[in-house]
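Derivation of every value follows stated rules applied to the coordinates shown; laboratory data play no part. What you are looking at is a predicted structure, and each value in this text was computed from that prediction instead of being measured. With ideal geometry, Cβ positions are generated from the backbone for all residues, glycine too; neighbour counts draw on all protein chains shown.
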Amino acid sequence: MAKPTPLQLRNILVALLAAAGFVWSIVAGLPWWVSAIIGCACVLSLASAYLNRPDAN
């Protein structure tokens with residue numbers, strides 16, 4: 001298995017922060033659209049980490 005690149009590590013960190021922000025937005029009772037935007041940020045960060053893997057063709 002290849003070692004993660006710095007870009008992947010950054011994307012995974014952003015995904016973790018976005019996931020925490022999503023949970024916080026639900027608990028704090030923010031509007032649904034704020035939670036949706038934060039959730040999309042989490043999904044997009046994970047997708048970017050996957051697509052930027054070293055062995056991707």
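Table for the structure above
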read-out: Residue-wise HN-Hα coupling along region 28-40, computed from phi with Karplus coefficients 6.51, -1.76, 1.60 (Hz; x: Gly, Pro); value: 6, x, 6, x, 4, 6, 5, 4, 5, 5, 5, x, 5
read-out: Sequence of L46, L17 once ranked by neighbouring C-beta atoms within 10 Å, starting from the fewest; value: L17, L46
read-out: Mean separation of Cα contacts under 8 Å (6+ apart) over length of region 1-47, as relative contact order %; value: 50
read-out: Over region 6-51: Rg over Rh, Cα atoms, Kirkwood Rh; value: 1.04
